[in-house]
1. Is it the case, given these coordinates, that Ile73 is at pLDDT 95 or above, out of contact with any Leu (no Cβ under 7 Å at 6 or more places or on another chain), open to solvent by 70 Å² or more (accessible area, probe 1.4 Å) and of a type outside the set (Asp, Glu)?
2. Against the condition more than 13 Å from the chain's Cα centre (by Cα), of a type in the set (Lys, Arg) and open to solvent by 70 Å² or more (accessible area, probe 1.4 Å), how does Arg162 come out, does it pass?
3. Conditions: (1) part of a helix (DSSP H, G or I); (2) free of Cβ contacts under 8 Å to residues at least 40 places away in the same chain. Thr122 meets all but one. Number of the miss?
4. Considering region 80-117 alone, what residues qualify as being assigned to a loop (DSSP other than H, G, I, E, B), under 30 Å from Asp142 (Cα atoms) and open to solvent by 10 Å² or more (accessible area, probe 1.4 Å)?
Amino acid sequence: MTALTTKRFTIEEYHRLGELGFFTPEKRVELIRGEIIEMPTKKTPHSFCNTNLVRELIILLGKRAIVRGQEPIILPPDSEPQPDVAIVRNRDDNYLSSHPMSDDIFLIIEISDSTLKFDRKTKLSLYAQANILHYWIFNLIDNHLEIYSQPYQDTQKKSNYRLKQIALPNETIP
């Protein structure tokens, strides 16, 4: 009996596939732990939330940080997710030379309806493993904000966040 293996891609191989035209513009894909994941089409509430969130964050932060909307980040050796929002440190080249990496990132935000399980499990552990200090999920299903902080890795090398808070629509957060 022959064992089956899955081909895992590096970031460089993923970029090469893109250069060769393997991904069409209408299909959004992300590289997550070496696997190419096709992301679902965004529904209107997701797009509405993302647009308003980016607009408010740009006003709130001004020139203190860069707000990136649905742009890639690099998490070596085999992940290039495209979070809905990433707040990253200012850099002289504005990330022309490369996408932000974990040391550049202040906060990652995912807006979740159809991807809530994926964002809570797969992306949460990916971001915690990359030592992203703050991760938020705008949970459109339950209509609240999930706030995760203090990433850690347990003795079995599983990554998670120590703290989880819920902010309801009528609450403010610092």
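The values are calculated or read from the model by the stated rules, or taken from the named source; none is laboratory data. Nothing here was measured: the structure is a model prediction, and the numbers come from that model. With ideal geometry, Cβ positions are generated from the backbone for all residues, glycine too; neighbour counts draw on all protein chains shown. These accessible areas exclude ligands, DNA and RNA; they are computed on the full protein's heavy atoms, side chains included. Shrake-Rupley method; radii C 1.70, N 1.55, O 1.52, S 1.80 Å.
1. On the way: at pLDDT 95 or above: yes; out of contact with any Leu (no Cβ under 7 Å at 6 or more places or on another chain): yes; open to solvent by 70 Å² or more (accessible area, probe 1.4 Å): no; of a type outside the set (Asp, Glu): yes.
When the stated conditions are applied, Ile73 does not pass them.
2. Values: more than 13 Å from the chain's Cα centre (by Cα): yes; of a type in the set (Lys, Arg): yes; open to solvent by 70 Å² or more (accessible area, probe 1.4 Å): yes.
Judged against the criteria, Arg162 is a match.
3. (2)
4. Filtering region 80-117 for residues assigned to a loop (DSSP other than H, G, I, E, B) gives 81-84, 89-100, 113-115.
Okay, now just the ones that are also under 30 Å from Asp142 (Cα atoms), so 81-84, 113-115.
Passing the criteria: Gln82, Asp113, Ser114, Thr115.
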